[in-house]
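Quick notes on the structure that follows.
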Amino acid sequence: MKKLNWILGIALFIGLSGISFATDYSLIKPPAGARVAVVVFEDLECPTCARSYPIIWSVAKAHNVPVLLHDFPLVNIHPWTFRASLYARYFDTQSEKLGDDFRGYIYKNQNQIFPGNLDQFARKFADENKVALPFSIDPQGKLKEKVNADYELGLRLGVGGTPTIYIVGNSGSAQPWVDIIKDFPTLEQSYAQKIEDMQKKAAAPATSTPVKAVSKPHKKPS
């Protein structure tokens, strides 16, 4: 486990070292009506993502900012991550909350999951939430297209590992803030401070429409 985390950390460092000042951070922005948002590129088989996930949601909710999740499956080292992303996308189609809950469920059970029993975990989650789970969850490949679109967006931003967390403001200034492996005891405090700093820089929203504390539109930016 420690070796895998180390590899992911090195991969992220290499990926981020390739980010230049020309990177177009406008590709990720808060939704309409929000001053600040948290954008996360995650991998459902990533141990650090599992550890970070509840912290991300807790601090975001405390600061009333939306969370935008993007799939970045590291398929070369994680054999079941892509299919797990497809399941998450399927549950998203049932409800946004259900998709979020499924991700949290997978992270909690991550150590028990392997390629041969992932479907059983998905089925159990569906049964517990009284949701029909068809034999083929993506017959037309639309969910796969969404996962691939997220991955391509991550590559355009220079994402090299997971979790990559961006605190973005509507002022157009968005620098990546990432914390992998180290400093978990202070992660919550650091994360909250980054959000508060961006809130000070961000402009007032153009609309007075209230923003939900949690938002997760899995869409490729136009």
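The values are calculated or read from the model by the stated rules, or taken from the named source; none is laboratory data. Just so it is clear, the structure is predicted and the values come from calculations on it, not from any experiment. Ideal geometry is used to build each Cβ from the backbone, glycine not excepted, and the neighbour counts take in all protein chains shown. Note: accessible area is taken over every heavy atom of the protein model, side chains too, but ligands, DNA and RNA are not part of it. Shrake-Rupley method; radii C 1.70, N 1.55, O 1.52, S 1.80 Å.
For region 50-65, name all the residues that are part of a helix (DSSP H, G or I) and not charged (D, E, K, R).
As a first pass, look at region 50-65 and keep what is part of a helix (DSSP H, G or I): 50-62.
Scanning region 50-65 gives A50, S52, Y53, P54, I55, I56, W57, S58, V59, A60, A62.
Of the conditions (1) among the small types (G, A, S); (2) surrounded by fewer than 23 Cβ atoms within 10 Å (Cβ to Cβ); (3) under 19 Å from L155 (Cβ atoms), S85 fails just one. Which one is it? Tallying (1) among the small types (G, A, S); (2) surrounded by fewer than 23 Cβ atoms within 10 Å (Cβ to Cβ); (3) under 19 Å from L155 (Cβ atoms), S85 fails exactly one: (2). I'd like to know if region 84-96 contains one or more residues that are within 16 Å of the chain's Cα centre (by Cα), at pLDDT below 95 and assigned to a helix (DSSP H, G or I). The answer is yes, given that some residue of region 84-96 is within 16 Å of the chain's Cα centre (by Cα), at pLDDT below 95 and assigned to a helix (DSSP H, G or I). Residues that are assigned to a loop (DSSP other than H, G, I, E, B), surrounded by fewer than 23 Cβ atoms within 10 Å (Cβ to Cβ) and under 13 Å from the mean Cα position of the chain (by Cα) within region 27-49 comprise just one, I28.
Return yes or no: is V75 among the β-branched types (V, I, T) and either surrounded by 22 or more Cβ atoms within 10 Å (Cβ to Cβ) or closer than 18 Å to I167 by Cα (or both)? No; evaluated as a whole, the condition is false for this residue.
Looking only at region 50-67, which residues are open to solvent by 30 Å² or more (accessible area, probe 1.4 Å) and of a type in the set (G, A, S)?
Within region 50-67, the first condition is being open to solvent by 30 Å² or more (accessible area, probe 1.4 Å), and the residues that meet it are 51, 54-55, 58, 61-64.
Answer for region 50-67, where residues must be open to solvent by 30 Å² or more (accessible area, probe 1.4 Å) and of a type in the set (G, A, S): S58, A62.
Of all residues in region 97-146, those being open to solvent by 80 Å² or more (accessible area, probe 1.4 Å) and part of a helix (DSSP H, G or I) number 13.
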